[in-house]
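Please treat every number below as a calculation from the coordinates, not as lab data. Small disclaimer: the values here were computed from a predicted structure and weren't measured. Cβ placement follows ideal geometry from the backbone for every residue including glycine, while neighbour counts extend to all protein chains displayed.
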Amino acid sequence: MKPSVKQTCIMTHKIVRAALQFGRRWYSNQHENYAKIRNIGIIAHIDAGKTTTTENMLYHAGKIRRMGKVDSGNTVTDYLPSERDRGITVQSAAVSFDWKKYFINLIDTPGHVDFTIEVERALYVLDGAVAIVDGTRGVEAQTRMVWRQADKLQIPRIVFVNKMDKPGADYFASITTLENHLLANTLIMHYPIINDNEFHCVADAVDMRITGKEGDDVFETELDKHVHNDIFDECVIIRKNLIEKLSDIDDDIAELYLGMYSDDVCKFPSNILKSSISKAVMNNDLVPVLCGSAYKDIGVNFLLDAVTDFLPAHYNSRIASSVNVSDKLIAYAFKVIHHKQLGPVVFIRVLSGSIHSKNMIYNASKSEEETPHAIFRVFADEYQPISNACEGDIVAVTGLKNTATGDTLHSSKKDNGNILDTISIPQPVYFCTIEAGSPTEAKALEICLTIITREDPSIQVKTDATSGQTTLCGMGELHMDILVERLRKEFNLKCYIGPIQVAYREKVNSKIKDSMVYEKKLLERTHNISLALSINPNAKVDDCSIKFSNISASADIAKAVKDGIRQACASGPLLGFPLIHTEIKVLDLKVITKSPPTIITAAAACMTTELLQRTQCGVLEPIMDIHVITNGERLPDVLKCLAQKHAEILQIEGDAQEKHVSATAPVSEMLGFASLIRKMSSGNADLTMKVAGYVEVPDCDIERLRNRMLGVYD
């Protein structure tokens, strides 16, 4: 009996998967064709399906035999214990795989706002991104955040509307949210096929093909107007609209559309359309929107095709165009992790030239030489050694002792070119004290804190010069919880960790200008340094701005003075919190005796501290933007919960089935809020919070804060 078209497609799909799984080739030493490399990231709001989509991609590419599930804790990219316990992505994970004739480096990023830095540093080295949207929710709070990050870096994107199998999923309504909330110029590519309220297949209007699942097997087949009837007609409409949208920005498409293909859009060649779409995506003119269900394994094969067809290759990407491509090495370090066997592992993107193990390289950001011991292709927590990595590669390197996130690497000091821009690290908003239980544990704690701060630049460790107390600072409650959990479980530290507290800020409220002289006798030698400073409030400055006013000083002396001023600004005069919104100018500087930089730094710190204590200062409290999604029945409980936390309700929108509540509240009120709202709503509320800015604390409350920090409560 002759097999049907669908059965033939299923058999073909099985053969292709088997060939990919058992006969795939690694681009281990050199990619002969850079046009075949795709460096992409998966970005989305938490629980939109990023990890499930990644897992499905790996399955289709033949890299895994069976798809894991987030709920079961057996996915490839969520391999950390904290990720598997919580069912969320905490740390971005890299995987590499072949798809047809292409080689894809993919980074699965976190969706929780506490780990925004993980998303940003991954995006910094990517050529394109796949934004995942929940088909039942559309654009959500963190979708806006990651979209803005991609906008800032001008990263081309395609959108995959996921979870089309869930009740209430609406592909076209999700597209409307993309256009309204993100101002995305969308290009509709797919038509979801729903029969008897069940999502079955996806039709692609460019290739005029259908993909779906029958039993355990994925099939692909061409659209036939005699067989598929209404589906074919809908795809013709989508195709016509797609061509018209391309015609607005591509004169060649417009000429063909108005000429030989004006009477039948189905005859318009798909390869010409794909080429035009690719150019539009690369220029950020259009955002193709696809749909499917990663959980049900529907449409992910079309998504993989879209990645290779529409997202840019290395050689014409934004990041590659930022350097002068040559045979000389230019690479960017974007992530560091600590591996139990391999030690510190630095993830790099090679922008030009190649990097070889054992060959010395130059860290232009640190002005020092490093020697890579080994180079690896990465598959989540698995490392495959290779001898070298070439232009366009994303690889892991061991042996780089001092290289950190944001460092630029060159072939040698003489080939030293421009230092690439680094990512901006936001200030932490939570902190806790940490104390070792014994002198032995103190040394182990010091080593562990060095490791985690190198891994995650958004973590800060501060030690009080007077008391010796160590403070650990992070971006949010979840961030702090996971950090503490790692110290106890991963590093097996026995230490006292204090309660999580809010990291306030301080600012100057009045201007002051004065000159001072610092004298210190050290080893029978008197050091004499004169410094004139002006300190002014400036709301436009995020932290502390330090400028020199027509002063001729050597680079070493200027750096020492700046270091001293920064040390003073790290601990304000009221409660010891860092100063922000402050502008400091060095008006005069005289090093009367020849003094080392350490003495100059100490002098600048002492004099700045003295001046700050004489000016009027205020305390700033961080304010949180809150976004809650719940059903209409639970809305009163959510509003009650927000009222208990003294939140200000800004907006309530949505329909009877789903309500979106926007509010603001002091960060100090938000401690434990996630658990409270989950309990009060019986788990029927999704919460997103992020720091929105700072407001000044009234003078009458400053003493209350001081007492709270000392453990004294009213």
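Placing +1 on the Cβ of each Lys and Arg and -1 on the Cβ of each Asp and Glu in the chain, which of His60, Val586, Phe115 has its Cα farthest towards the positive end of the resulting dipole? So the residue we want is Val586.
Counted residue by residue at 0.36 nm each, then reduced by the alpha carbon distance between them, the extension gain from Arg66 to Asp263 reaches 66.3 nm. Cβ crowding within 10 Å, taken as a proxy for footprinting-reagent exposure, orders Glu83, Glu583 from fewest neighbours to most as Glu583, Glu83. Rounded to the nearest 20 debye, the dipole size of segment 531-648 about its Cα centre is 440 debye, using +1 on the Cβ of Lys and Arg and -1 on the Cβ of Asp and Glu.
Counted over segment 247-291 with a bin width of 5 Å, the fraction of Cα pairs per bin, in whole percents, is 5, 21, 29, 24, 15, 6, 0.
Got the relative contact order for the chain handy, in percent, Cα pairs under 8 Å and 6 or more residues apart?
Working: 1490 pairs, mean separation 66.4, N = 714.
For the chain, the relative contact order is 9 percent.
Residues within the reach of a label modelled at Asp196 (point 7 angstrom out along Cα to beta-carbon, backbone nitrogen below 20 Å), restricted to segment 221-241, are 228-231. Over segment 162-232, Cα pairs under 8 Å with separation of 6+ residues give a relative contact order of 17 percent. Phi-derived couplings, Karplus 6.51 cos²θ - 1.76 cosθ + 1.60 at θ = phi - 60°, listed residue by residue for segment 271-278: 5, 5, 4, 4, 4, 5, 4, 4 Hz, with x used for Gly and Pro.
What size of dipole, in debye to the nearest 20, comes out for the chain about its Cα centre when the only charges are +1 on Lys and Arg C-beta atoms and -1 on Asp and Glu C-beta atoms?
On the way: 79 positive and 91 negative charges, 471 e Å.
It works out to roughly 2260 debye.
Binning all Cα-Cα separations of the chain at 10 Å, short to long from zero, yields these whole-percent fractions: 3, 13, 21, 24, 20, 12, 6, 2, 1, 0, 0.
Give a quick list of trypsin sites (Lys or Arg not before Pro) in segment 485-544 that DSSP marks as loop, anything other than H, G, I, E or B, with at most 14 other Cβ atoms within 10 Å. Don't skip to the answer; put the middle values down first.
On the way: sites: Arg486, Arg488, Lys489, Lys494, Arg505, Lys507, Lys511, Lys513, Lys520, Lys521, Arg525, Lys540; in loops: Lys494, Lys511, Lys540.
When the trypsin sites (Lys or Arg not before Pro) of segment 485-544 are filtered for loop state and at most 14 Cβ neighbours within 10 Å, Lys494, Lys511, Lys540 remain.
Distance from the C-alpha centroid of segment 175-205 to that of segment 51-123: 24 Å, rounded to the whole angstrom. Listing Lys358, Lys166 from fewest to most neighbouring C-beta atoms within 10 Å gives Lys358, Lys166.
After finding the eigenvalues of the alpha carbon gyration tensor for segment 430-503, what semi-axes result from the square roots of 5 times each, listed largest first in whole Å? Kindly include the intermediate steps, with their values, before the conclusion.
Values: eigenvalues 57, 43, 27 Å².
The answer is 17, 15, 12 Å, longest axis first.
Which residues in segment 622-650 have a backbone N closer than 15 Å to a point placed 7 Å from the Cα of Ala656 along the Cα-to-Cβ line? From segment 622-650, the list is 631-635. Kirkwood's formula applied to the C-alpha pairs of segment 5-316 gives a hydrodynamic radius of 19.7 angstrom.
Pairs of Lys residues in segment 323-415, spaced 8 or more positions apart or belonging to different chains, with C-alpha separations under 20 angstrom: 15 in total. Taking Cα centre as origin and charging only the Cβ of basic (Lys, Arg, +1) and acidic (Asp, Glu, -1) residues, the dipole magnitude of segment 430-503 rounds to 140 debye. Cα convex hull, segment 506-615: 92 Å³ per residue, rounded to a whole number.
What order do you get for 472-484, 656-668, 213-225, 92-104 when each peptide is scored by the mean count of other beta carbon atoms within 10 Å, highest first? Walk me through the numbers before you get to the answer.
Numbers: 472-484: 22.3, 656-668: 17.1, 213-225: 15.2, 92-104: 19.7.
Put in order of decreasing packing, that is 472-484, 92-104, 656-668, 213-225.
Quick check on segment 208-351: take the gyration tensor over C-alpha atoms, sort the square-rooted eigenvalues as a ≥ b ≥ c, and tell me if it's rounded (a/c under 1.5), prolate or oblate. Kindly include the intermediate steps, with their values, before the conclusion.
Working: a/c = 3.73, a/b = 1.52, b/c = 2.46.
Cα axes put segment 208-351 in the oblate bin.
According to the Kirkwood expression over distinct Cα-Cα pairs, how big is the hydrodynamic radius of segment 323-415, in Å? Could the numbers behind the result be given before it?
Numbers: mean 1/r = 0.0780 Å⁻¹.
Result for segment 323-415 stands at 12.8 Å.
If you bin all the Cα-Cα distances of segment 620-709 at 10 Å, starting from zero, the percentages per bin are 17, 47, 25, 11, 2. Here Glu621, Glu490, Glu140 are placed in order of increasing Cβ neighbour count within 10 Å, fewest first, which gives Glu490, Glu621, Glu140. Overall, the ratio between the Cα radius of gyration of segment 63-167 and 2.2 N^0.38 Å, rounded to two decimals, is 1.11. Descending by average beta-carbon neighbour count within 10 Å, the peptides 673-685, 624-636 line up as 624-636, 673-685, the highest first. Estimated at 0.36 nm per residue, the fully extended path between Asn550 and Asp216 surpasses their Cα-Cα distance by 112.9 nm.
Given N residues in segment 399-458, what is its alpha carbon radius of gyration divided by 2.2 N^0.38 Å?
Numbers: Rg = 16.5 Å, N = 60, 2.2 N^0.38 = 10.4 Å.
Here the Cα radius of gyration is 1.59 times the empirical estimate.
Note on Lys547: aspartates and glutamates with a C-alpha under 14 Å away, same-chain residues under 8 apart excluded, are Asp563, Glu583, Asp588.
Which values, in whole Å and largest first, are the semi-axes of the equivalent ellipsoid of segment 569-652 obtained as the square root of 5 times each eigenvalue of the Cα gyration tensor? Mind dumping the intermediate values first?
Working: eigenvalues 485, 30, 22 Å².
For segment 569-652, the semi-axes come out at 49, 12, 10 Å.
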